[in-house]
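The values are calculated or read from the model by the stated rules, or taken from the named source; none is laboratory data. The structure presented is a predicted model; accordingly, all values stated were derived computationally and were not measured. Every residue, glycine as well, gets a Cβ built from its backbone with ideal geometry; the counts of neighbours run over all protein chains shown. Each accessible area value is taken on the protein alone, full model and side chains, heavy atoms only, with ligands, DNA and RNA left out. Shrake-Rupley method; radii C 1.70, N 1.55, O 1.52, S 1.80 Å.
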Amino acid sequence: PSDSADVQTSFQMFAVHGDAKATGKEMNGKNFAKICKDCHIIDGKNVTTTDVDIIFSKIKAKPARVITFEQFNQALTELAPKRFKGKSKEEALQKLYGLIVGKRPANIGVTKVAKVGAVDRLTDTSKYTGLHKERFDESGKGKGKAGREDIPDSSGYVAGYKGSGTYDGKVKDT
């Protein structure tokens, strides 16, 4: 195939996707399914995720859990006629390569923190009640130790007394 080098580049990008130890020389089943999905080889009609998994299992070496680029090409040769029915094997394979060339793994929102519905409600400190309310200030920032422990008040006033610190002023007035 004319664009085999480009296909190999895509293969390597998907091969290392999500695996820090990967060399890019071989691809696991998860990433094989991902390249098929991201490049729209899986169309849900002619090619499904199941087809992709079956072909992956068929092509990899028995004990191995990964495929090489050569085996990847073999897998594509099997997938191509399924994906492009009515085309010759060569033509279908070229079209399949066309789908893969220049593709990178799509990480749309892979590592974003999901703050949807319930999470927002549960982490909104303004809605906290009782003891939990005491642990956060108005801005929603935690108070740290002050919010968790009763720090003894050694001022001599009864807890909760509003007029603390006003005694001297009252005595001097009389």
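Taking the alpha-carbon distance from Lys133 and a cut-off under 27 Å, which lysines remain once sequence neighbours fewer than 8 residues away in the same chain are dropped?
Correct list for Lys133: Lys115, Lys141, Lys143, Lys145, Lys162.
Among the listed pairs Lys21/Lys82; Lys34/Lys58; Lys34/Lys89, which are separated by more than 21 Å between their Cα atoms?
Lys21/Lys82; Lys34/Lys89
For segment 1-100, give the percent of accessible area contributed by carbon and sulfur heavy atoms, probe 1.4 Å, rounded to a whole number.
Ligands and nucleic acids excluded, carbon and sulfur reach 53 percent.
Take the alpha-carbon positions of segment 1-100, form their convex hull, and give its projected area averaged over all directions (one quarter of the hull surface) in nm².
Values: hull surface 23.5 nm².
Approximately 5.9 nm², given one-decimal rounding.
When all protein chains stay in place, what accessible area (Å², nearest 10, 1.4 Å probe) is found for Leu99?
Approximately 50 Å² of Leu99 is accessible to the 1.4 Å probe.
How do the peptides 83-92, 47-56, 8-17 rank, highest first, by the average count of neighbouring beta carbon atoms within 10 Å per residue?
Numbers: 83-92: 14.0, 47-56: 16.3, 8-17: 20.1.
For the peptides 83-92, 47-56, 8-17, the packing ranking is 8-17, 47-56, 83-92.
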